[in-house]
Amino acid sequence: ARSPHFKICDLSGGSMSRVCNKMVIAFAIVTLFCMNGCNKKTVSALLSTLCVLAMVMTVFSLVVHHTEELDFSTMEYLDLRSIDNPEEIFYAEILLSELGAIMDVAVDISTALSEIIKLKPEISFRQLFRSGREIGHDIMGTMINILLFVFISGLIPMCLIRMNNDVSFLTIIRLHIPCELCRFFVESIGIVLAIPVSVLITSGILKSNLKKRTTLC
C-alpha cells in the first residue's frame, strides 16, 4: 500500500525550517555558555555564529530559489512518495551541519583575540583585526580540509554500495554527488565568511570593553 502524504511540521504548525532555526539558536546559546561561561568572549562568539549562519543560509536560499531545483529523489534517506517538503529537510541538514564548523571558527578566533588583549591591552583595533585575520587564515585551511575529507569519507561507502548494485560510476556522479557537493560548498563558504565576521565582532566587543575599563580607572 502506498504511504499517505504528510508534511513534517511542529506541533504549532510551523515548518521544519522554523523549528531548526529555533533549535540552532538554542543549541548555540547553551553550548557556548556551558563551555566558556558568561563573558565577553562567549557573547562575541555567539553573535558571530548567529550572524554568519543568517548570512550563509540567506545566500543559500536565494541561490536555490533562482537556480534549477535539486533532484531530492537521489537522497537515499528520503521517500518522496510520503514526504511533500524534501527541500526543507535538506535546508535543515545544511543548517545543522553548518553550525558546528562556524561555531568552531568563532570560538577559536574569540579565544585567540581575548588572549592577545590580555597580553597586550594597549593594542589598537587595527592591529587586533590584522592579528585575528592572520589567525583566521590558518584556521580556514585546516577547517576546509576537514570538511573535504569528511565529504570524501562519506562518499566512499555510498559509491561502493551503489556500484555493487550495478549502478554505474557516471550515474553516481551525475545523480548522487550534487547534493553532497552543495553541502560541502555551503559549509566552506560559511567558514570563509566566519573569519572576517568573527574578527570584526570580537575585536569591537573586546576593545570597547577595554576602553570602558580604562575610562573607569
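The values are calculated or read from the model by the stated rules, or taken from the named source; none is laboratory data. Since the model is a prediction, treat every value here as computed from it, not as a measurement. Cβ coordinates were reconstructed from backbone atoms using ideal geometry, including for glycine residues, and neighbour counts include every protein chain displayed. When the accessible area is computed, the model is the full protein with side chains, heavy atoms only, and any ligands, DNA or RNA have been set aside. Shrake-Rupley method; radii C 1.70, N 1.55, O 1.52, S 1.80 Å.
Local charge sum around Gly190 (other residues, Cβ-Cβ under 15 Å, Lys/Arg +1, Asp/Glu -1)?
So the surrounding residues net to -4.
Using a cut-off of 13 Å between beta-carbons, work out the net charge of the residues near Leu47 (Lys and Arg +1, Asp and Glu -1, Leu47 not included).
Local net charge: +2.
May I ask you to compute the full-extension gain from His137 to Ser208, defined as 0.36 nm times their residue separation minus their alpha-carbon distance, rounded to one decimal in nm?
Stretched out fully, the His137 to Ser208 stretch lengthens by 23.1 nm.
Probe radius 1.4 Å, ligands and nucleic acids ignored: give me the carbon and sulfur share of the accessible area of segment 87-156 as a rounded percent.
So the carbon and sulfur contribution to the accessible surface is 64 percent.
Residues with beta-carbon under 12 Å from that of Thr111, excluding Thr111: net charge, scoring Lys, Arg +1 and Asp, Glu -1?
0
With a point put 7 Å past each Cα toward its Cβ, work out how far Arg174 is from Leu155 in nm, to one decimal.
Placing both labels 7 Å beyond Cα along the Cβ direction yields 1.7 nm.
Starting from the Cα-Cα distance between Ser124 and His65, subtract it from 0.36 nm times their residue separation and give me the gain in nm to one decimal.
Here the segment from Ser124 to His65 would lengthen by 17.0 nm.
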